[in-house]
Every structure is written in C-alpha cells, then in structure tokens.
1. Picking from 21, 101, which residue would you name as being over 15 Å from the mean Cα position of the chain (by Cα), closer than 19 Å to residue 122 by Cβ and either at pLDDT below 95 or not in a strand (DSSP E or B) (or both)?
2. Which members of region 24-47 meet the condition of being touching a strand residue (DSSP E or B) at 6+ places or on another chain (Cβ under 6 Å) and not in a strand (DSSP E or B)?
3. Do we find that residue 58 is assigned by TED's automatic domain parsing to the domain that holds residue 7 and either touching a helix residue (DSSP H, G or I) at 6+ places or on another chain (Cβ under 8 Å) or assigned to a strand (DSSP E or B) (or both) in this structure?
C-alpha cells in the first residue's frame, strides 16, 4: 500500500503557494474546480470548490481553497522526510513558520504548521524510510 495523495484545505491560494510551492519546493498545477453537486456528495459542501495539486515525483497534495477554513485543534499530521532538515527549518523560520522541537531521551521530534494550521512532523532523510513502530509502542519514543 502507498499513499496516492493527501487532500487538505487552505484558506487562500496565496498561503497555499507560500507553503507548498515556496517552502516545500513542489510544482503547482493550474487550479481546477469541483462542481457543487460533487462537492456536496463527497465533502458535504454546498458550493463549488477550487483545488490545486502541488507535487513532485514522490508526493502529491490536493489543496482545496476554502476561504472560511477554521483552524481547530487536531492531532492529525503528516510526516515529511527532507534531505537537509536544518536548512529546511531555517527556511520555515525565515518565512514566519513556527518550529516546535522536543528532545526526549536523546531523540528530537520536530513539528511545524503551515499557514492554515496543518501539522507536519519533519524528519531528515537517512537513505531509506523505516517502517512504523510495532503496535503498542509510543510513536514519539521511536523517532530518530
């Protein structure tokens, strides 16, 4: 199994561009529109929705432009693996993105939020992606 794409909301195209294109370095497709009847069927929204794909060879985000997007607490997050984590985090800080770091048992866990409040855990690439921890273990204790 693999993730084909991730669908998230953004409050504006500008904020989506700033994060997904400028910070993550992804390519941007032309905006597309989902008809109101389809938006109602799948997302329970009563109007058309504009969405934009941001992508590279390894990942694709479908970002739905929702001006009334509410930033609420959620533990949901994506974990991104980047080549040079410190350089990436410096780019985030320079763009006004808050970087949260926790060191626990000599391991560092880092989270950022995009401009619309989506959480991203940031790991540095180490050649291969490790499988998730076995069930029953605390995910935060197993990060390297």
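The values are calculated or read from the model by the stated rules, or taken from the named source; none is laboratory data. From a predicted model like this one, the values you see are computed outputs, not experimental measurements. With ideal geometry, Cβ positions are generated from the backbone for all residues, glycine too; neighbour counts draw on all protein chains shown.
1. Selected residue: 101, the only one of 21, 101 that is over 15 Å from the mean Cα position of the chain (by Cα), closer than 19 Å to residue 122 by Cβ and either at pLDDT below 95 or not in a strand (DSSP E or B) (or both).
2. 26, 29, 31, 39
3. Spelling it out, it is not the case that residue 58 is assigned by TED's automatic domain parsing to the domain that holds residue 7 and either touching a helix residue (DSSP H, G or I) at 6+ places or on another chain (Cβ under 8 Å) or assigned to a strand (DSSP E or B) (or both).
Residues are listed down the side, and each one gets a yes or a no for (1) assigned to a strand (DSSP E or B); (2) in contact with a helix residue (DSSP H, G or I) (Cβ under 6 Å, 6 or more places away or on another chain):
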| position | (1), (2) |
| --- | --- |
| 81 | yes, no |
| 86 | no, no |
| 115 | no, yes |
| 120 | yes, no |
| 126 | no, no |
